[in-house]
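What follows is a short report on a single structure.
The values are calculated or read from the model by the stated rules, or taken from the named source; none is laboratory data. Bear in mind that the values here come from a model prediction, so they are computed numbers and not experimental data. Backbone-built Cβ (ideal geometry, glycine too); neighbour counts: all protein chains shown. All accessible areas refer to the heavy atoms of the entire protein, side chains included, with ligands and DNA or RNA removed. Shrake-Rupley method; radii C 1.70, N 1.55, O 1.52, S 1.80 Å.
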Amino acid sequence: RARTEAREAPVFLSWEGRFWSGVIDLVLNEGGTVIGVDYKITKRPKQLPPEYEQQQSVYTEALRRVFPRRQVSFEFWWLSETLAQ
């Protein structure tokens, strides 16, 4: 039921004293909530590595800036688990 807002959305921002760039694989709007998604093809780790936590924080901040009056969340989708089924 979600609506696609963007695919492969480029991210360029200055945040916490650093410059960041990347690509959010998918941006959805579900009931007014904006959800950023990054696909991962590796096996899901038991705990997110620090670089994934950082990526999640940066991309969430980028979405907050683009959608300032919306609730924003960010998710990793582990495709290796989906493809293995």
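If you plug the beta carbon distance of PHE19 and LYS40 into 1/(1 + (r/R0)^6) with R0 = 25 Å, you get a FRET efficiency near 0.60. Amide H contacts under 5 Å for ILE24: ALA9, VAL11, restricted to partners 5 or more places along the chain or on a different chain, H placed in the peptide plane at 1.01 Å from N. In a DSSP loop and with at most 10 other Cβ atoms within 10 Å, the GluC sites (Glu not before Pro) in segment 1-39 are GLU16. Given Cα pairs under 8 Å that are at least 6 residues apart, what percent is the relative contact order of the chain? Taking the mean separation of contacting Cα pairs over the length of the chain, I get 29 percent. Computed from point charges on the beta carbon alone (+1 for Lys and Arg, -1 for Asp and Glu), the dipole magnitude for the chain about its Cα centre is near 180 Debye. When nucleic acids and ligands are ignored and a 1.4 Å probe is applied, LEU63 ends up with an accessible area of around 10 Å².
Quick check for you: with a 1.4 Å probe and neighbouring chains kept, what is the accessible area per residue of the chain, in Å²?
Value returned for the chain: 71 Å² of accessible area per residue.
Amide H contacts for GLU5 (H built 1.01 Å from N in the peptide plane; partners 5 or more residues away or on another chain; cut-off under 5 Å): VAL27, LEU28, ASN29. Summing charges over all other residues whose Cβ lies under 11 Å from the Cβ of GLY32, with Lys and Arg as +1 and Asp and Glu as -1, gives +2. The 3J(HN,Hα) values that the Karplus relation (6.51, -1.76, 1.60; θ = phi - 60°) gives for segment 40-45 are, in residue order, 10, 9, 8, 5, 4, x Hz. Gly and Pro appear as x.
In segment 8-82, a dipole from Cβ-located charges (positive for Lys and Arg, negative for Asp and Glu) runs towards its positive end, and of TRP78, TRP15, GLN55 it is TRP15 whose Cα lies farthest in that direction.
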